[in-house]
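The structure appears below as structure tokens.
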């Protein structure tokens, strides 16, 4: 499913209503689930996008809704997600390393008879239309707080390197919920959306190493003859 980002003014109003107590439901925490393999070292991380800096963001029920890869490592240093200096996922050798968008996480609240029925993260690479990833219901009454719910998925399995050329690329994303109060709440950096960069690097040609090795061998042979 393809969607475009919401207008800045609308996003600002919705975010204020969700966080300033003007609505009966909203989003109070978000994270992005990313796995990678660089030089044979694997990692599975949940990058905090907004607002907590504690373990409430981490899905605590492996095997419950949306969890298939186990508990990710929570990266709280990614918050606050600064505009203009995006978080970097690193450098990946084309055809060797991997970078995967597994999904995301939302913490939502509800009161006054309102209800939250779904959560999504939307993303695009290097601009264009946004694609949607749906999150599953993961936990009710998070940390014993009535009405606080966690939505999570790590099964999206989006290969972020697929079809990309050598160079630096940008992942842009935002979050949304479905509710009976305002229809949707958005966490989108006041309409500017959130970004993360990563670099695709070429793999050295195998012949390069052979040429260097051959050259060194020839030098050694000449020295022995002398």
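The values are calculated or read from the model by the stated rules, or taken from the named source; none is laboratory data. Every value quoted in this text rests on a predicted model; they were computed, and no experiment measured them. Using ideal geometry, Cβ is built from the backbone for each residue, glycine included, and neighbour counts are taken over all protein chains shown.
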Specify the residue that is modelled with the highest pLDDT; the eligible residues are those in region 71-88 that are touching a strand residue (DSSP E or B) at 6+ places or on another chain (Cβ under 7 Å) and farther than 11 Å from residue 45 by Cβ. 88
What number of residues within region 1-47 satisfy the criterion of being in a strand (DSSP E or B), modelled with pLDDT under 95 and surrounded by fewer than 16 Cβ atoms within 10 Å (Cβ to Cβ)? 2
